[in-house]
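Colleague: One structure coming up, written as C-alpha coordinates, with questions to follow.
The values are calculated or read from the model by the stated rules, or taken from the named source; none is laboratory data. The model shown is predicted, which means the values in this text are computed figures rather than measured ones. Positions of Cβ are generated from backbone atoms using ideal geometry, with glycine treated the same way; all protein chains shown enter the neighbour counts.
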Amino acid sequence: MSLEKKDDFDHYGWLKTKDLTPIESVFLTTLVFLDRRLRIVDYLELLEDAYYKVNLQMPKSHTEQYDLDNKFWYWYPLYSLGFFSTLAYIVAAVSGALLGFYYAPTAAGDPSAAYNSIEMIMTELQFGFALRSIHRWAAQIMMAAVFLHMLRVYFTGSYKEPRELNWLLGIILISLSMVFGYTGYLLPWNQLAFWAGQIGVEMALATPIVGEWAAQLLFGGFTLGQATLIRMYILHVFVLPFVVTALIALHIGIVWVQGIAEPH
Amino acid sequence: MSENETTDDARTDGGETGIVAPDDEVPTWSERKERKAGLSRLTYEYFERSRREDQDLRNESDYVERDVLGFPTWPHEIIRNLSISMFFVGMIVLIAAALPPSLEAPADPSSTPEIILPDWYLYWSFGLLKLNPLNPGLAVLDGGKLLSDQLYGVLANVVVVGAVALLPYLNKGSARRPVEQPFWASIGVGGAVFSITIAALAVQNLIPLPLPLQLNIVFVFPVVAGIITYAVLKTMREGYMYGLNRRYYMLRPPK
(Lines give C-alpha, C1' and ligand atoms only; values in the text may rest on other atoms or scores of the structure.)
Protein backbone atom coordinates (compact mmCIF):
# COMPACT_ATOMS: atom_id res chain seq x y z
CA MET A 1 0.00 0.00 0.00
CA SER A 2 1.33 3.36 -0.95
CA LEU A 3 1.60 6.10 1.57
CA GLU A 4 1.73 8.60 -1.23
CA LYS A 5 -0.68 11.43 -0.78
CA LYS A 6 -3.76 10.91 -2.94
CA ASP A 7 -5.25 13.70 -4.95
CA ASP A 8 -7.94 15.54 -3.06
CA PHE A 9 -11.12 16.57 -4.71
CA ASP A 10 -10.53 19.95 -6.29
CA HIS A 11 -13.15 21.79 -4.27
CA TYR A 12 -11.77 25.20 -5.11
CA GLY A 13 -11.78 24.41 -8.84
CA TRP A 14 -15.38 23.32 -8.46
CA LEU A 15 -16.15 26.65 -6.82
CA LYS A 16 -14.66 28.50 -9.81
CA THR A 17 -16.91 26.69 -12.26
CA LYS A 18 -19.96 27.97 -10.44
CA ASP A 19 -21.46 31.39 -10.82
CA LEU A 20 -21.61 32.50 -7.19
CA THR A 21 -22.55 35.71 -5.47
CA PRO A 22 -19.87 37.10 -3.13
CA ILE A 23 -21.85 35.91 -0.11
CA GLU A 24 -22.20 32.42 -1.53
CA SER A 25 -18.53 32.16 -2.42
CA VAL A 26 -17.41 33.39 1.01
CA PHE A 27 -19.79 30.92 2.64
CA LEU A 28 -18.65 28.00 0.52
CA THR A 29 -14.97 28.86 0.89
CA THR A 30 -15.39 29.01 4.67
CA LEU A 31 -17.34 25.78 4.65
CA VAL A 32 -14.72 23.96 2.58
CA PHE A 33 -11.94 25.42 4.75
CA LEU A 34 -13.60 24.25 7.96
CA ASP A 35 -14.59 20.89 6.53
CA ARG A 36 -11.07 20.11 5.36
CA ARG A 37 -9.90 20.64 8.92
CA LEU A 38 -12.78 19.69 11.18
CA ARG A 39 -14.66 17.10 9.10
CA ILE A 40 -17.97 18.92 9.46
CA VAL A 41 -19.46 16.43 7.04
CA ASP A 42 -19.41 13.85 9.82
CA TYR A 43 -21.80 15.98 11.83
CA LEU A 44 -24.08 16.88 8.95
CA GLU A 45 -26.40 14.03 9.76
CA LEU A 46 -27.05 15.48 13.21
CA LEU A 47 -27.73 18.90 11.73
CA GLU A 48 -29.96 17.41 9.08
CA ASP A 49 -31.89 15.48 11.67
CA ALA A 50 -32.31 18.59 13.81
CA TYR A 51 -33.47 20.48 10.74
CA TYR A 52 -36.23 18.02 10.00
CA LYS A 53 -37.26 17.83 13.64
CA VAL A 54 -37.50 21.59 13.93
CA ASN A 55 -39.67 21.70 10.84
CA LEU A 56 -42.11 19.13 12.13
CA GLN A 57 -45.35 20.73 13.02
CA MET A 58 -46.32 20.93 16.65
CA PRO A 59 -48.70 18.19 17.72
CA LYS A 60 -51.63 19.12 19.89
CA SER A 61 -51.16 18.45 23.56
CA HIS A 62 -53.54 16.12 25.30
CA THR A 63 -55.28 19.08 26.92
CA GLU A 64 -55.60 20.88 23.63
CA GLN A 65 -56.86 17.83 21.86
CA TYR A 66 -59.65 17.09 24.29
CA ASP A 67 -60.29 20.73 25.11
CA LEU A 68 -59.63 20.28 28.81
CA ASP A 69 -58.25 23.75 29.58
CA ASN A 70 -61.61 24.78 31.00
CA LYS A 71 -61.47 21.84 33.41
CA PHE A 72 -57.90 21.92 34.65
CA TRP A 73 -56.85 25.53 34.33
CA TYR A 74 -56.27 25.74 38.08
CA TRP A 75 -53.28 23.39 37.89
CA TYR A 76 -51.39 25.47 35.38
CA PRO A 77 -49.91 28.20 37.60
CA LEU A 78 -48.33 25.37 39.58
CA TYR A 79 -46.59 24.15 36.44
CA SER A 80 -44.30 27.18 36.63
CA LEU A 81 -42.77 26.15 39.97
CA GLY A 82 -39.96 24.15 38.37
CA PHE A 83 -39.05 27.12 36.22
CA PHE A 84 -39.15 29.41 39.26
CA SER A 85 -36.78 27.20 41.20
CA THR A 86 -34.37 27.20 38.25
CA LEU A 87 -34.59 30.96 38.08
CA ALA A 88 -33.96 31.34 41.81
CA TYR A 89 -31.01 28.97 41.41
CA ILE A 90 -29.56 31.23 38.75
CA VAL A 91 -30.06 34.32 40.93
CA ALA A 92 -28.38 32.53 43.83
CA ALA A 93 -25.51 31.46 41.57
CA VAL A 94 -24.85 34.98 40.32
CA SER A 95 -25.11 36.64 43.73
CA GLY A 96 -23.07 33.80 45.24
CA ALA A 97 -20.28 34.28 42.71
CA LEU A 98 -20.17 37.96 43.66
CA LEU A 99 -20.15 37.15 47.39
CA GLY A 100 -17.31 34.73 46.73
CA PHE A 101 -15.04 37.65 45.85
CA TYR A 102 -15.19 38.86 49.46
CA TYR A 103 -15.68 35.80 51.62
CA ALA A 104 -12.72 34.15 53.36
CA PRO A 105 -13.23 30.53 54.49
CA THR A 106 -10.96 30.73 57.51
CA ALA A 107 -11.91 29.79 61.07
CA ALA A 108 -8.80 31.40 62.57
CA GLY A 109 -8.85 34.99 63.75
CA ASP A 110 -10.88 36.97 66.22
CA PRO A 111 -13.58 35.70 66.31
CA SER A 112 -12.85 34.19 62.87
CA ALA A 113 -11.84 35.48 59.46
CA ALA A 114 -14.98 33.97 57.94
CA TYR A 115 -17.23 35.79 60.39
CA ASN A 116 -15.26 39.00 59.94
CA SER A 117 -15.53 38.83 56.17
CA ILE A 118 -19.30 38.42 56.36
CA GLU A 119 -19.44 41.34 58.77
CA MET A 120 -17.35 43.37 56.33
CA ILE A 121 -19.70 42.40 53.48
CA MET A 122 -22.70 43.49 55.51
CA THR A 123 -21.38 46.72 56.97
CA GLU A 124 -18.67 48.13 54.70
CA LEU A 125 -18.99 46.64 51.22
CA GLN A 126 -20.96 48.67 48.71
CA PHE A 127 -24.26 46.78 48.18
CA GLY A 128 -22.81 43.89 50.20
CA PHE A 129 -25.80 43.85 52.51
CA ALA A 130 -28.18 43.64 49.57
CA LEU A 131 -26.02 40.99 47.93
CA ARG A 132 -26.09 38.68 50.93
CA SER A 133 -29.78 39.28 51.39
CA ILE A 134 -30.52 38.43 47.76
CA HIS A 135 -28.33 35.32 47.92
CA ARG A 136 -30.03 34.08 51.05
CA TRP A 137 -33.55 34.79 49.87
CA ALA A 138 -32.93 33.29 46.44
CA ALA A 139 -31.82 30.10 48.19
CA GLN A 140 -34.86 30.09 50.47
CA ILE A 141 -37.24 30.72 47.58
CA MET A 142 -35.57 28.05 45.51
CA MET A 143 -36.13 25.49 48.27
CA ALA A 144 -39.75 26.58 48.71
CA ALA A 145 -40.37 26.37 44.97
CA VAL A 146 -38.72 22.95 44.80
CA PHE A 147 -40.91 21.55 47.58
CA LEU A 148 -44.07 22.94 46.00
CA HIS A 149 -42.92 21.66 42.61
CA MET A 150 -42.61 18.21 44.14
CA LEU A 151 -46.14 18.44 45.54
CA ARG A 152 -47.47 19.52 42.15
CA VAL A 153 -45.74 16.58 40.48
CA TYR A 154 -47.25 14.26 43.08
CA PHE A 155 -50.81 15.52 42.81
CA THR A 156 -50.89 15.62 39.03
CA GLY A 157 -49.50 12.07 38.87
CA SER A 158 -46.60 13.31 36.78
CA TYR A 159 -44.13 10.87 38.31
CA LYS A 160 -45.83 7.93 36.65
CA GLU A 161 -44.63 5.48 34.12
CA PRO A 162 -42.29 6.95 31.59
CA ARG A 163 -41.17 9.55 34.13
CA GLU A 164 -39.97 7.52 37.14
CA LEU A 165 -36.36 8.24 36.30
CA ASN A 166 -36.96 11.96 36.49
CA TRP A 167 -38.76 11.53 39.81
CA LEU A 168 -35.71 9.71 41.23
CA LEU A 169 -33.46 12.37 39.74
CA GLY A 170 -35.70 14.96 41.40
CA ILE A 171 -35.23 13.30 44.79
CA ILE A 172 -31.46 13.35 44.29
CA LEU A 173 -31.69 17.00 43.28
CA ILE A 174 -33.83 18.05 46.24
CA SER A 175 -31.43 16.25 48.60
CA LEU A 176 -28.42 17.89 47.01
CA SER A 177 -30.18 21.27 47.20
CA MET A 178 -30.65 20.73 50.92
CA VAL A 179 -26.96 19.87 51.24
CA PHE A 180 -26.27 23.03 49.24
CA GLY A 181 -28.35 25.02 51.71
CA TYR A 182 -26.77 23.29 54.70
CA THR A 183 -23.19 23.93 53.55
CA GLY A 184 -24.08 27.56 52.89
CA TYR A 185 -25.69 27.85 56.31
CA LEU A 186 -22.38 26.86 57.93
CA LEU A 187 -20.23 29.37 56.07
CA PRO A 188 -20.86 32.51 58.21
CA TRP A 189 -19.37 30.53 61.12
CA ASN A 190 -21.72 32.05 63.66
CA GLN A 191 -23.39 30.28 66.57
CA LEU A 192 -26.21 28.82 64.44
CA ALA A 193 -23.72 27.62 61.84
CA PHE A 194 -21.44 26.01 64.39
CA TRP A 195 -24.16 24.11 66.19
CA ALA A 196 -25.91 23.06 63.00
CA GLY A 197 -22.53 21.66 62.00
CA GLN A 198 -22.30 19.90 65.36
CA ILE A 199 -25.62 18.17 64.67
CA GLY A 200 -24.34 17.18 61.24
CA VAL A 201 -21.27 15.54 62.76
CA GLU A 202 -23.41 13.74 65.32
CA MET A 203 -25.77 12.51 62.60
CA ALA A 204 -22.83 11.22 60.57
CA LEU A 205 -21.29 9.51 63.60
CA ALA A 206 -24.60 7.83 64.42
CA THR A 207 -24.60 6.03 61.08
CA PRO A 208 -23.19 2.53 61.41
CA ILE A 209 -20.18 1.31 59.41
CA VAL A 210 -19.68 4.39 57.21
CA GLY A 211 -20.36 6.96 59.94
CA GLU A 212 -16.84 7.85 61.04
CA TRP A 213 -15.55 7.74 57.52
CA ALA A 214 -18.37 10.06 56.37
CA ALA A 215 -17.73 12.46 59.25
CA GLN A 216 -14.07 12.69 58.34
CA LEU A 217 -14.82 13.08 54.66
CA LEU A 218 -17.50 15.76 54.99
CA PHE A 219 -16.53 17.55 58.19
CA GLY A 220 -12.81 16.91 58.27
CA GLY A 221 -12.87 15.26 61.68
CA PHE A 222 -15.08 14.75 64.69
CA THR A 223 -14.77 18.26 66.09
CA LEU A 224 -15.54 21.34 64.09
CA GLY A 225 -12.78 23.67 63.00
CA GLN A 226 -10.88 25.02 60.05
CA ALA A 227 -11.08 21.66 58.23
CA THR A 228 -14.88 21.68 58.49
CA LEU A 229 -15.21 25.22 57.24
CA ILE A 230 -12.98 24.73 54.23
CA ARG A 231 -14.77 21.50 53.32
CA MET A 232 -18.17 23.18 53.50
CA TYR A 233 -16.76 26.03 51.42
CA ILE A 234 -15.39 23.78 48.67
CA LEU A 235 -18.61 21.75 48.63
CA HIS A 236 -20.66 24.92 48.41
CA VAL A 237 -18.69 26.81 45.76
CA PHE A 238 -16.99 24.07 43.77
CA VAL A 239 -18.42 20.56 44.01
CA LEU A 240 -22.15 21.16 44.35
CA PRO A 241 -22.44 23.92 41.73
CA PHE A 242 -21.05 21.59 39.06
CA VAL A 243 -22.98 18.52 40.16
CA VAL A 244 -26.29 20.25 40.80
CA THR A 245 -26.13 22.35 37.64
CA ALA A 246 -25.42 19.26 35.55
CA LEU A 247 -28.27 17.35 37.19
CA ILE A 248 -30.68 20.27 36.74
CA ALA A 249 -29.75 20.36 33.06
CA LEU A 250 -30.38 16.61 32.81
CA HIS A 251 -33.66 16.94 34.74
CA ILE A 252 -34.93 19.68 32.42
CA GLY A 253 -33.58 17.87 29.38
CA ILE A 254 -35.59 14.78 30.26
CA VAL A 255 -38.70 16.93 30.73
CA TRP A 256 -38.04 18.45 27.33
CA VAL A 257 -37.65 15.07 25.67
CA GLN A 258 -40.62 13.44 27.42
CA GLY A 259 -42.94 16.41 27.27
CA ILE A 260 -45.01 17.93 30.07
CA ALA A 261 -47.25 15.47 31.89
CA GLU A 262 -50.68 17.00 32.01
CA PRO A 263 -53.62 15.85 34.09
CA HIS A 264 -56.10 13.91 31.99
CA MET B 1 -62.61 7.53 13.22
CA SER B 2 -65.68 5.84 11.86
CA GLU B 3 -67.22 6.82 8.57
CA ASN B 4 -70.69 7.43 9.89
CA GLU B 5 -69.59 10.45 11.82
CA THR B 6 -71.99 13.37 11.90
CA THR B 7 -70.85 16.85 12.89
CA ASP B 8 -67.94 18.42 14.74
CA ASP B 9 -70.16 19.03 17.75
CA ALA B 10 -70.83 15.35 18.12
CA ARG B 11 -67.18 14.47 18.19
CA THR B 12 -65.94 13.68 21.65
CA ASP B 13 -62.52 12.28 20.84
CA GLY B 14 -60.91 15.69 20.58
CA GLY B 15 -60.59 15.69 16.84
CA GLU B 16 -57.32 16.16 15.09
CA THR B 17 -53.81 15.65 16.42
CA GLY B 18 -51.65 17.76 14.24
CA ILE B 19 -49.23 14.95 13.46
CA VAL B 20 -47.75 15.57 10.09
CA ALA B 21 -46.17 12.62 8.36
CA PRO B 22 -42.75 13.29 6.87
CA ASP B 23 -43.02 14.16 3.19
CA ASP B 24 -41.21 12.38 0.36
CA GLU B 25 -38.21 14.64 0.59
CA VAL B 26 -37.30 13.52 4.08
CA PRO B 27 -34.55 10.96 3.61
CA THR B 28 -34.82 7.66 5.40
CA TRP B 29 -32.17 6.67 7.86
CA SER B 30 -30.66 4.25 5.41
CA GLU B 31 -30.55 6.86 2.71
CA ARG B 32 -28.76 9.31 4.95
CA LYS B 33 -25.89 6.99 5.53
CA GLU B 34 -25.34 3.45 4.48
CA ARG B 35 -23.85 1.37 7.22
CA LYS B 36 -22.22 -1.81 6.13
CA ALA B 37 -21.33 -3.83 9.19
CA GLY B 38 -21.11 -4.22 12.90
CA LEU B 39 -22.96 -2.51 15.71
CA SER B 40 -23.58 0.65 13.75
CA ARG B 41 -25.30 -1.39 11.05
CA LEU B 42 -27.52 -3.01 13.68
CA THR B 43 -28.26 0.35 15.27
CA TYR B 44 -29.39 1.77 11.96
CA GLU B 45 -31.47 -1.26 11.17
CA TYR B 46 -33.16 -0.89 14.52
CA PHE B 47 -33.82 2.82 13.98
CA GLU B 48 -35.24 2.00 10.61
CA ARG B 49 -37.58 -0.54 12.17
CA SER B 50 -38.72 1.73 14.98
CA ARG B 51 -39.36 4.55 12.55
CA ARG B 52 -41.41 2.23 10.41
CA GLU B 53 -43.30 1.07 13.48
CA ASP B 54 -44.10 4.66 14.46
CA GLN B 55 -45.23 5.40 10.94
CA ASP B 56 -47.47 2.32 10.88
CA LEU B 57 -49.02 3.31 14.19
CA ARG B 58 -49.62 6.80 12.87
CA ASN B 59 -51.22 5.43 9.75
CA GLU B 60 -53.45 3.16 11.79
CA SER B 61 -54.40 5.81 14.29
CA ASP B 62 -57.69 7.64 14.18
CA TYR B 63 -56.04 10.99 14.45
CA VAL B 64 -56.22 13.31 11.50
CA GLU B 65 -53.52 15.68 10.38
CA ARG B 66 -53.88 19.37 10.81
CA ASP B 67 -51.81 22.07 9.21
CA VAL B 68 -51.65 24.75 11.88
CA LEU B 69 -48.29 25.66 13.36
CA GLY B 70 -47.86 25.79 17.12
CA PHE B 71 -47.75 28.91 19.22
CA PRO B 72 -44.81 31.04 18.02
CA THR B 73 -41.77 30.91 20.28
CA TRP B 74 -40.79 34.41 19.27
CA PRO B 75 -42.15 36.83 20.22
CA HIS B 76 -45.17 35.47 22.09
CA GLU B 77 -43.68 32.76 24.26
CA ILE B 78 -40.35 34.53 24.85
CA ILE B 79 -41.99 37.79 25.92
CA ARG B 80 -44.38 35.97 28.21
CA ASN B 81 -41.52 34.03 29.79
CA LEU B 82 -39.38 37.14 30.11
CA SER B 83 -42.14 39.04 31.87
CA ILE B 84 -42.76 36.16 34.27
CA SER B 85 -39.02 35.82 34.93
CA MET B 86 -38.50 39.53 35.51
CA PHE B 87 -41.45 39.67 37.86
CA PHE B 88 -40.13 36.68 39.79
CA VAL B 89 -36.57 38.02 40.08
CA GLY B 90 -38.04 41.36 41.07
CA MET B 91 -39.96 39.64 43.85
CA ILE B 92 -36.75 38.05 45.13
CA VAL B 93 -35.01 41.44 45.19
CA LEU B 94 -38.01 43.05 46.86
CA ILE B 95 -38.19 40.44 49.60
CA ALA B 96 -34.42 40.62 50.02
CA ALA B 97 -34.65 44.39 50.47
CA ALA B 98 -37.58 44.19 52.87
CA LEU B 99 -36.33 41.32 55.03
CA PRO B 100 -32.53 41.35 55.23
CA PRO B 101 -30.78 38.47 57.00
CA SER B 102 -29.18 38.94 60.37
CA LEU B 103 -25.74 37.89 61.45
CA GLU B 104 -25.84 36.09 64.79
CA ALA B 105 -23.12 35.96 67.38
CA PRO B 106 -19.86 34.35 66.22
CA ALA B 107 -19.28 30.63 66.72
CA ASP B 108 -18.42 29.73 70.29
CA PRO B 109 -17.82 26.02 70.97
CA SER B 110 -17.93 26.61 74.72
CA SER B 111 -21.51 27.87 74.94
CA THR B 112 -24.37 25.82 73.56
CA PRO B 113 -27.21 28.10 72.49
CA GLU B 114 -30.72 27.39 73.70
CA ILE B 115 -32.12 27.01 70.21
CA ILE B 116 -30.20 25.00 67.64
CA LEU B 117 -31.92 24.97 64.29
CA PRO B 118 -31.03 24.42 60.67
CA ASP B 119 -32.81 26.35 57.91
CA TRP B 120 -36.57 25.83 57.79
CA TYR B 121 -36.47 23.39 54.88
CA LEU B 122 -34.52 20.93 57.02
CA TYR B 123 -36.92 21.08 59.97
CA TRP B 124 -38.71 17.90 58.83
CA SER B 125 -35.42 16.03 58.79
CA PHE B 126 -34.42 17.57 62.10
CA GLY B 127 -37.79 16.60 63.54
CA LEU B 128 -37.24 13.00 62.45
CA LEU B 129 -33.99 13.04 64.39
CA LYS B 130 -35.98 13.86 67.50
CA LEU B 131 -38.22 10.80 67.32
CA ASN B 132 -36.14 9.11 70.04
CA PRO B 133 -39.07 8.94 72.52
CA LEU B 134 -40.55 6.36 70.14
CA ASN B 135 -37.38 4.28 70.04
CA PRO B 136 -38.56 1.17 71.88
CA GLY B 137 -36.66 -0.27 74.80
CA LEU B 138 -36.64 -4.05 74.55
CA ALA B 139 -37.41 -6.28 77.53
CA VAL B 140 -34.87 -8.83 76.26
CA LEU B 141 -32.18 -6.20 76.54
CA ASP B 142 -33.33 -5.12 80.03
CA GLY B 143 -34.95 -2.05 78.58
CA GLY B 144 -31.86 -1.35 76.47
CA LYS B 145 -32.34 -0.06 72.95
CA LEU B 146 -31.49 -1.99 69.83
CA LEU B 147 -30.66 1.16 67.91
CA SER B 148 -29.06 4.21 69.44
CA ASP B 149 -31.35 7.24 69.46
CA GLN B 150 -29.29 9.02 66.83
CA LEU B 151 -29.23 6.01 64.52
CA TYR B 152 -32.98 5.72 64.98
CA GLY B 153 -33.37 9.30 63.76
CA VAL B 154 -31.03 8.80 60.80
CA LEU B 155 -32.93 5.65 59.84
CA ALA B 156 -36.23 7.55 60.03
CA ASN B 157 -34.81 9.91 57.41
CA VAL B 158 -33.72 7.00 55.23
CA VAL B 159 -37.19 5.44 55.50
CA VAL B 160 -38.98 8.66 54.54
CA VAL B 161 -36.74 9.44 51.56
CA GLY B 162 -36.84 5.80 50.47
CA ALA B 163 -40.63 5.72 50.57
CA VAL B 164 -40.80 8.84 48.42
CA ALA B 165 -38.33 7.32 45.98
CA LEU B 166 -40.36 4.12 45.68
CA LEU B 167 -43.52 6.03 44.87
CA PRO B 168 -43.59 5.51 41.09
CA TYR B 169 -43.15 1.77 41.64
CA LEU B 170 -45.97 1.59 44.17
CA ASN B 171 -48.54 3.69 42.36
CA LYS B 172 -48.78 2.77 38.71
CA GLY B 173 -51.47 3.24 36.13
CA SER B 174 -52.57 6.10 33.98
CA ALA B 175 -54.73 8.00 36.47
CA ARG B 176 -53.56 11.57 36.80
CA ARG B 177 -56.06 13.54 38.86
CA PRO B 178 -56.51 13.25 42.62
CA VAL B 179 -60.21 12.47 42.10
CA GLU B 180 -59.31 9.33 40.23
CA GLN B 181 -57.16 7.99 43.05
CA PRO B 182 -58.50 9.32 46.36
CA PHE B 183 -56.28 6.91 48.28
CA TRP B 184 -53.03 8.17 46.81
CA ALA B 185 -54.16 11.77 47.05
CA SER B 186 -54.89 11.29 50.74
CA ILE B 187 -51.44 9.71 51.19
CA GLY B 188 -50.01 12.84 49.56
CA VAL B 189 -51.95 15.23 51.76
CA GLY B 190 -51.07 13.16 54.82
CA GLY B 191 -47.41 13.29 53.85
CA ALA B 192 -47.48 17.04 53.34
CA VAL B 193 -49.18 17.55 56.71
CA PHE B 194 -46.70 15.16 58.33
CA SER B 195 -43.80 17.21 56.97
CA ILE B 196 -45.28 20.18 58.86
CA THR B 197 -46.15 18.41 62.11
CA ILE B 198 -42.77 16.68 62.23
CA ALA B 199 -41.16 20.08 61.61
CA ALA B 200 -43.04 21.34 64.66
CA LEU B 201 -41.41 18.51 66.61
CA ALA B 202 -38.03 19.99 65.66
CA VAL B 203 -38.91 23.13 67.60
CA GLN B 204 -40.62 21.24 70.41
CA ASN B 205 -38.88 23.27 73.10
CA LEU B 206 -40.55 26.41 71.74
CA ILE B 207 -44.04 24.94 71.77
CA PRO B 208 -45.81 25.00 75.15
CA LEU B 209 -47.30 21.52 74.87
CA PRO B 210 -46.26 18.38 76.75
CA LEU B 211 -44.08 16.11 74.63
CA PRO B 212 -46.45 13.07 74.59
CA LEU B 213 -49.31 15.25 73.36
CA GLN B 214 -47.10 16.73 70.69
CA LEU B 215 -45.96 13.29 69.54
CA ASN B 216 -49.60 12.31 69.21
CA ILE B 217 -50.31 15.41 67.16
CA VAL B 218 -47.38 14.59 64.87
CA PHE B 219 -48.94 11.31 63.83
CA VAL B 220 -52.68 11.92 64.30
CA PHE B 221 -53.01 15.16 62.32
CA PRO B 222 -51.69 13.69 59.06
CA VAL B 223 -54.02 10.71 59.37
CA VAL B 224 -57.00 13.01 60.00
CA ALA B 225 -56.01 15.19 57.05
CA GLY B 226 -55.72 12.08 54.89
CA ILE B 227 -59.15 10.82 55.91
CA ILE B 228 -60.74 14.19 55.21
CA THR B 229 -59.07 14.32 51.80
CA TYR B 230 -60.30 10.83 51.02
CA ALA B 231 -63.86 11.70 51.98
CA VAL B 232 -63.83 14.94 49.99
CA LEU B 233 -62.45 13.29 46.88
CA LYS B 234 -64.86 10.38 47.11
CA THR B 235 -67.66 12.92 47.27
CA MET B 236 -66.24 14.79 44.30
CA ARG B 237 -66.53 11.59 42.29
CA GLU B 238 -70.24 12.25 42.16
CA GLY B 239 -69.55 15.41 40.15
CA TYR B 240 -68.95 15.80 36.48
CA MET B 241 -65.16 15.68 36.74
CA TYR B 242 -64.75 12.02 37.34
CA GLY B 243 -66.22 10.36 34.28
CA LEU B 244 -64.85 13.12 32.14
CA ASN B 245 -62.55 11.34 29.77
CA ARG B 246 -61.49 7.99 31.10
CA ARG B 247 -62.13 6.32 27.79
CA TYR B 248 -59.40 8.31 26.12
CA TYR B 249 -56.76 6.32 27.92
CA MET B 250 -57.42 3.61 25.37
CA LEU B 251 -56.20 5.77 22.53
CA ARG B 252 -52.59 6.11 21.62
CA PRO B 253 -51.54 9.61 22.64
CA PRO B 254 -50.24 11.93 19.94
CA LYS B 255 -46.52 11.74 19.25
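Colleague: Report every pair of residues separated by at least 6 positions or lying on different chains whose Cβ atoms are under 7 Å apart, first residue within the stretch A:220-231 and more than 9 Å from every other protein chain (Cβ to nearest Cβ) and under 12 Å from A:GLY200 (Cβ atoms), second charged (D, E, K, R) and crowded, with 16+ Cβ neighbours inside 10 Å.
Modeller: A:GLY220/A:ARG231
Colleague: Which one of these does A:HIS149 not meet: (1) more than 11 Å from chain B (Cβ to nearest Cβ); (2) free of Cβ contacts under 8 Å to residues at least 60 places away in the same chain; (3) within 23 Å of B:SER125 (Cα to Cα)?
Modeller: The one condition A:HIS149 does not meet is (2).
Colleague: Identify the residue in the stretch B:125-175 that is among the charged types (D, E, K, R) and within 12 Å of chain A (Cβ to nearest Cβ) and, among all such residues, is farthest from the chain's Cα centre (by Cα).
Modeller: Within the stretch B:125-175, the subset among the charged types (D, E, K, R) is B:130, B:142, B:145, B:149, B:172.
Checking which are within 12 Å of chain A (Cβ to nearest Cβ) leaves us with B:130, B:149, B:172.
On the way: B:LYS130: 27, B:ASP149: 32, B:LYS172: 13 Å.
Top of the filtered list is B:ASP149.
Colleague: If B:SER195 meets every condition in (1) within 30 Å of B:ILE115 (Cα to Cα); (2) in a loop (DSSP other than H, G, I, E, B); (3) within 16 Å of the chain's Cα centre (by Cα) apart from one, which number is that one?
Modeller: (2)
Colleague: Something else now. Go through (1) assigned to a loop (DSSP other than H, G, I, E, B); (2) modelled with pLDDT of 95 or more one by one and return the number of the condition A:ALA92 breaks.
Modeller: (1)
Colleague: For residues that are crowded, with 18+ Cβ neighbours inside 10 Å and in contact (Cβ under 8 Å) with a residue 60 or more places away in the chain, tally how many sit in the stretch B:142-193.
Modeller: The total comes to 3.
Okay, residues lined up against (1) within 7 Å of chain B (Cβ to nearest Cβ); (2) touching a residue at least 12 places away in the same chain (Cβ under 8 Å); (3) aliphatic (A, V, I, L, M):
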{"site": "A:LYS160", "(1), (2), (3)": "yes, yes, no"}
{"site": "A:LEU165", "(1), (2), (3)": "no, yes, yes"}
{"site": "A:GLY184", "(1), (2), (3)": "no, yes, no"}
{"site": "A:LEU192", "(1), (2), (3)": "yes, no, yes"}
{"site": "A:GLY197", "(1), (2), (3)": "no, yes, no"}
{"site": "A:ALA204", "(1), (2), (3)": "no, yes, yes"}
{"site": "A:VAL210", "(1), (2), (3)": "no, no, yes"}
